[in-house]
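*Asks:* The following block contains the structure, expressed as structure tokens.
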Amino acid sequence: MTRVGALLAVLILALSASAAGASAATPRASLTDIENDVMCVACREPLAVSQSPQANSERAFIKALIAQGQTKPEIERALVAQYGPAVLGKPPAHGFNLTVYVLPPAILLVGIIVLFVTLPRWRARERAARTATPRLDPADARRVEEDLAQFTG
Amino acid sequence: MRRLLLPGLVVAAAGALLWVLAFGVASQGADTSIEASLARGVRPPAPNQSLALPVLGSNARERLAAFRGKVVVLNVFASWCDPCKAEAPILEQEQRKLARSGATVLGVTYLDNSSDSQAFVRQEHITYPVVRDVDGTFVRSFGTTGVPETFIIDRSGRVAAVRRYQIDSGWLNQVVTPLLREHA
């Protein structure tokens with residue numbers, strides 16, 4: 001009982017600590033964090049790896065907004081207002097871009113269905129093959145009978 | 001027949017994935033239909049003329065269609081682009097000449113934030129109108145993939161010449177002067 005009680009106390013403490021963390025003020029946005037989620041629109045690569053003049057201009061824009069105390073979502077909204085939705089690392093979920101969100105789960109679902117349908121059949125076939133008595137054709141059966149007759153005769 | 005069902009499904013899925021990939025790659029390609037028309041000696045109508053674009057540093061909006069009747073030197077630029085900086089004085093000089101002949105330069109900022117664009121306009125003493133194409137809808141309809149690019153549009157709103165890299169005054173004179181003599 002004491003062990004269960006101690007476990008409960010630890011759980012309650014952990015939960016309250018995480019709740020306190022979540023309710024704390026929104027953390028300051030960092031350039032590194034934002035760089036990983038946005039694109040250099042001219043060079044079409046993540047801002048984090050781009051060193052082009054356009055990327056440097058974008059970085060300066062982000063730094064200025066961070067200095068103003070803006071949060072990450074606010075900065076992302078400002079980036080979209082300036083550079084369009086292409087600046088976001090994740091494309092907007094409409095039009096052709098929808099395939100990015102729809103296709104992977106669809107493929108996973110189809111794969112699961114295929115496995116769900118085919119696996120029991122394969123296993124049943126394998127089990128049947130293991131338990132089934134091999135049947136001889138009449139010619140072989142006759143030859144076996146003749147051979148046995150020689151030994152027993 | 002049932003034995004072919006699973007391989008058939010797999011092949012169909014692979015085919016569909018290849019189609020999606022091919023469509024995605026093809027839709028990323030540059031549109032060179034303007035060049036193709038010009039090579040045939042046909043001036044294509046400038047696309048998206050009625051699209052209202054925000055004027056840089058203002059709440060107003062401007063359409064290319066509003067310039068119908070004028071020769072327009074449409075210059076797509078960004079403040080971070082060195083060739084754009086190099087050609088800005090040429091365009092400003094051209095604007096002073098064109099303003100007297102019923103023509104204008106029209107700047108379109110692309111892939112640039114408005115504060116940097118405004119600083120660029122101030123530094124380069126640009127007096128011609130400048131609009132912003134935030135999501136690139138307008139410039140992409142011209143086949144633009146980068147900056148600078150310049151399109152010469154005649155008085156009837158048709159594209160008469162294109163340069164997809166830095167311009168010089170020789171090219172501008174060569175393509176704009178004959179258009180100024182034309183009537184809409």
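Just so it is clear, none of the values below were taken in a lab; they were calculated from the coordinates. Quick caveat: nothing in here was measured; it's all calculated off a predicted structure. Here the Cβ is made from the backbone with ideal geometry for all residues, glycine too, and neighbour counts use every protein chain on show.
*Asks:* How large is the dipole of region B:36-114 about the Cα centre if only Lys and Arg carry +1 and Asp and Glu carry -1, each at its Cβ, rounded to the nearest 20 debye?
*Replies:* Value, rounded to 20: 440 debye.
*Asks:* What residue among A:Q68, B:S58, A:P138 has its Cα farthest toward the positive end of the dipole of the protein assembly as shown, where the charges are +1 on Lys, Arg and -1 on Asp, Glu, each on the Cβ?
*Replies:* Of the listed residues, the answer is A:P138.
*Asks:* Using a simple spin-label model with points 7 Å from Cα along the Cα→Cβ vector, what separation in nm is obtained for A:N97 and B:W171?
*Replies:* Result for the modelled spin labels: 3.2 nm.
*Asks:* Sticking with this structure for a sec: Counting other beta carbons within 10 Å of each Cβ, put B:W80, B:W19 in order, fewest first.
*Replies:* Ascending number of Cβ neighbours within 10 Å: B:W19, B:W80.
*Asks:* List the residues whose amide H sits under 5 Å from the amide H of B:E62, counting only those 5 or more places along or on another chain, with H placed 1.01 Å from N in the peptide plane.
*Replies:* It is B:L53, B:V55, by chain and number.
*Asks:* A further question on this structure: Could you compute the net charge surrounding A:P85? Neighbours are other residues with a C-beta less than 12 Å from the C-beta of A:P85; K and R count +1, D and E count -1.
*Replies:* Here the count lands on 0.
*Asks:* For chain B, modelled as a Gaussian network with Cα springs under 10 Å, which listed residue fluctuates most, B:V108, B:V130, B:V11?
*Replies:* Residue with maximal mean-square fluctuation among B:V108, B:V130, B:V11: B:V11.
*Asks:* While we're here: For region A:82-87, take each phi angle, set θ = phi - 60°, evaluate the Karplus expression 6.51 cos²θ - 1.76 cosθ + 1.60, and give the result in whole Hz per residue in order, putting x for glycine and proline.
*Replies:* Couplings: 8, 10, x, x, 5, 6 Hz.
*Asks:* Test of understanding: ordering B:F138, B:F67, A:F116 by Cβ neighbours within 10 Å, fewest first, what list do you get?
*Replies:* Neighbour counts put them in this order, fewest first: A:F116, B:F67, B:F138.
*Asks:* In a shell of Cβ-Cβ distance under 14 Å around B:S37, excluding B:S37 itself, what net charge do Lys and Arg (+1) and Asp and Glu (-1) give? Mind showing how you got there, number by number?
*Replies:* Working: positive: B:R40, B:R43, B:R158; negative: B:D31, B:E35, B:D154.
Result for the local shell: 0.
*Asks:* What is the distance in Å between the Cα centres of region B:57-90 and region B:98-135?
*Replies:* The distance from the Cα centre of region B:57-90 to that of region B:98-135 comes to 4 Å.
*Asks:* For region A:96-152, I need the span (max minus min coordinate) of the C-alpha atoms along each principal axis, in Å, sorted largest to smallest.
*Replies:* Projected onto the principal axes, the Cα atoms of region A:96-152 cover 78, 18, 13 Å.
*Asks:* For a footprinting-style exposure proxy, rank B:I167, A:I112, A:I66 by other Cβ within 10 Å, fewest first.
*Replies:* A:I112, A:I66, B:I167
*Asks:* Are there any helices in chain B, counted as whole DSSP H runs, that stretch 18 Å or more along their axis by Cα and score at least 1.6 on average by Kyte-Doolittle, and if so which?
*Replies:* B:5-28
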